[in-house]
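**Student:** The structure that follows is given in the form of structure tokens.
None of the figures in this text is laboratory data; all of them are computed from the coordinates on show. Since the model is a prediction, treat every value here as computed from it, not as a measurement. Glycine also receives a Cβ, built like all others from the backbone with ideal geometry; neighbour counts cover every protein chain displayed.
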Amino acid sequence: MTHRQPPEPAKDTIYASEHGQVADFRFDDTVARVFPDMIKRSVPGYSHIIGMIGILAEQYAQPNSRLYDLGSSLGAASLAMRHRVHAPGAVIVAVDNSEAMLERSRDFLESEDLPTPVQTLCADITSLTLENASFVVLNFTLQFIPLEHRQETLQRIYDGMLHGAALVLSEKLRFPDPVQDQLLIQHHHDFKRANGYSDLEISQKRQAIERVLLPETAEGHLNRLKAVGFSTATLWFQSFNFASFLAIK
């Protein structure tokens, strides 16, 4: 394998200046160049979730199976899995519908000599057929899929998983109680301010993303996971309005 040198991370300044009209958020090359900084400064608990994905993948990876990172972005979850998975014959499949994100992810994934191979695939996960999957990650991915396609997408994923396989689903949440919902949104904004984002950046990013990222309640996610067939589903992590679920087939 030819090893690539990963690019130097760039600071996220996408919304630092006034945008006359804020366009919908897209995972294009502009976002890909700053994504590690953006996600670290925007999502509380992100690094902890990534670390635990590696640990869980090691626990659930079966020999000669596939581990899927669906909506893989720059491959952080794939790399965490690759560091810890040693099941013989296991392959990690990193899937994203943004070629700009995948191209940069290859630099990260190929920068280390690790035995478990990673395949990258540019595809729409709403129509993807999974095969022989022992572990699947949807790390802040389902929230960008239209609501009407989420159950069908999860059903496809479930149908491609082995008995005893695990799914990690991480999502931004909304809360039925409007007071609680607003409180946690405010604390999330405080988190972003503490990480150097200005009020202008927070406001413009919110405008850009609120039309494409549609959060649901924890109960809604758990009910859907049970509806598609998972034998157990639990909320294992939450920081403000960001959470992660673990579901077992």
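**Student:** Could you check what % of the DSSP bridge pairs in the chain are antiparallel, to the nearest 5?
**Tutor:** 40
**Student:** Let me ask you something else. ³J(HN,Hα) across the stretch 179-191 via Karplus (A = 6.51, B = -1.76, C = 1.60, θ = phi - 60°), whole Hz, x for Gly/Pro?
**Tutor:** Values per residue, Gly and Pro as x: 5, 5, 4, 5, 4, 6, 4, 4, 5, 5, 5, 4, 4 Hz.
**Student:** Compute the relative contact order of the chain as a whole-number percentage, counting only Cα pairs closer than 8 Å that sit 6 or more residues apart in sequence.
**Tutor:** 22
**Student:** Find how many whole Å separate the alpha carbon centroid of the stretch 51-99 from the alpha carbon centroid of the stretch 133-147.
**Tutor:** Here the answer is 13 Å between Cα centres.
**Student:** Report the relative contact order of the stretch 38-171, percent, no decimals, based on alpha-carbon pairs under 8 angstrom and at least 6 residues apart.
**Tutor:** That works out to 26 percent.
**Student:** Indicate the gyration tensor shape class of the chain (rounded, prolate or oblate), computed on the Cα atoms with a ≥ b ≥ c the square roots of the eigenvalues: a/c under 1.5 is rounded; otherwise a/b larger than b/c is prolate and the rest oblate.
**Tutor:** oblate
**Student:** Considering the options Ile202, Phe237, Gly45, tell which one lies farthest towards the positive end of the dipole of the chain, charges being +1 on Lys and Arg and -1 on Asp and Glu at the Cβ, about the Cα centre.
**Tutor:** The listed residue farthest towards the positive side: Phe237.
**Student:** Would you please give the residues with an amide H less than 5 Å from that of Trp236, counting only those at least 5 places away or on a separate chain, with H modeled from the backbone geometry?
**Tutor:** Distant-sequence amide H within range of Trp236: Ser244, Phe245, Leu246.
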